[in-house]
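Asks: What follows is a single structure, and I will ask about it in a moment.
The values are calculated or read from the model by the stated rules, or taken from the named source; none is laboratory data. Keep in mind that this is a model prediction, so the values were computed, not measured. Quick reminder, even Gly has a Cβ in these numbers, built from the backbone with ideal geometry, and neighbours come from all protein chains shown. Side chains included, ligands, DNA and RNA excluded: accessible areas come from the protein's heavy atoms. Shrake-Rupley method; radii C 1.70, N 1.55, O 1.52, S 1.80 Å.
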Amino acid sequence: MLANAELGPKEKRFVAIIHKSSMALVSIFNDIMELSKIDSGRLQIFASTVRLRAFISEVESLFKDLADEKGIQLICSTVEHLPESYIFDGVRFKQVLQNLISNAIKFTHDGVVTLHADGESSTTKPGCYDLRFVVEDTGIGIQEPDLEKIFDLFQQGEEVITKQYGGVGLGLTLCSRLVTMMGGRIDLRSVVGQGTRFTVHLPGVPVAFTDSFS
């Protein structure tokens, strides 16, 4: 209501700061609640039919404006040979991709952030695919000593980076635990000054029944 009121430039800037800070607090609170549910065994994975290309497009739309504001490219793609629909928890997995892309944009000042979905038919589970989701950026990268602890609770990069970019180190922990609950894993590669690549592996994901007739 205050943001929509007639305010001067200085007051509008103050309201914008309040709004941005409030949204950051809401995000932290939500991550804490999700991690609490995981630790207590109360968070469950609910699989449903997910149309992959529409899913990737929806994730892209969430961050397009943010990327445009920073003057960086956001490119999302899916390889052509993949079936259209799968059965997995799209709600939880969207949380994972949102965290990874949000971080990628946050730590990239110029260049490109990409999300690419790929995969192949499972060799051990008929009617399933081993899916890969790669989130890559041309950002500041991660120091080598921080790579092993980056998924630990309340851990981030070096102190200078933490002070400059904020955050409390919950997002990647949540990503790691959600992916593990879904039977997958996250691989990380990063070079300081060149960028970071997260590869999320989801093995043995069932193809939705509708695709068996396509």
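Asks: How much length is gained if the chain between Gln73 and His109 is pulled fully straight, taking 0.36 nm per residue apart and subtracting their Cα-Cα distance, in nm to one decimal?
Replies: Working: separation 36, 0.36 × 36 = 12.96 nm, distance 1.05 nm.
Computed gain between Gln73 and His109 is 11.9 nm.
Asks: Check which residues have an amide H placed less than 5 Å from Phe88's amide H, if you skip close sequence neighbours.
Replies: Amide H neighbours of Phe88, under 5 Å, 5+ apart: Ser48, Val50.
Asks: Okay, moving on. Pairs Lys70/Lys106; Lys70/Lys149; Lys125/Lys149; Lys64/Lys94; Lys106/Lys149: which are spaced more than 21 Å apart, C-alpha to C-alpha?
Replies: Values: Lys70/Lys106 9 Å; Lys70/Lys149 28 Å; Lys125/Lys149 33 Å; Lys64/Lys94 15 Å; Lys106/Lys149 19 Å.
Those over the limit are Lys70/Lys149; Lys125/Lys149.
Asks: Taking loop as defined by DSSP and a crowding limit of 10 other beta carbons within 10 Å, which GluC sites (Glu not before Pro) in segment 107-148 fit? Spell out each step's value before the answer.
Replies: On the way: sites: Glu120, Glu136, Glu148; in loops: Glu148.
Passing sites in segment 107-148 are Glu148.
Asks: Starting from the 7 Å offset along Cα-to-Cβ, what nm value, one decimal, do you get for the label separation of Ile18 and Asp146?
Replies: 3.2 nm
Asks: Based on the alpha-carbon set only, what is the convex hull volume of segment 31-153 divided per residue, in Å³? If you can, show how the numbers build up before the last one.
Replies: Details: hull volume 17.5 nm³, N = 123.
Measuring per residue, one finds 143 Å³ for the Cα hull of segment 31-153.
Asks: Quick check: at a probe of 1.4 Å, how many percent of the accessible area of segment 66-137 sits on carbon and sulfur atoms?
Replies: Values: 1650 of 3180 Å².
Carbon and sulfur atoms account for 52 percent of the accessible area of segment 66-137.
Asks: Give a residue-ordered list of calculated ³J(HN,Hα) values for segment 75-86 (Karplus: 6.51 cos²θ - 1.76 cosθ + 1.60, θ = phi - 60°; whole Hz; x for Gly, Pro).
Replies: Once rounded to whole Hz, the list reads 10, 10, 8, 9, 5, 5, 6, 6, x, 6, 10, 9.
Asks: Now, a different point. Could you sort the peptides 91-98, 138-145, 3-10 by per-residue average Cβ neighbour count (10 Å cutoff), highest mean leading?
Replies: Details: 91-98: 19.1, 138-145: 16.9, 3-10: 8.6.
Peptide ranking by packing, descending: 91-98, 138-145, 3-10.
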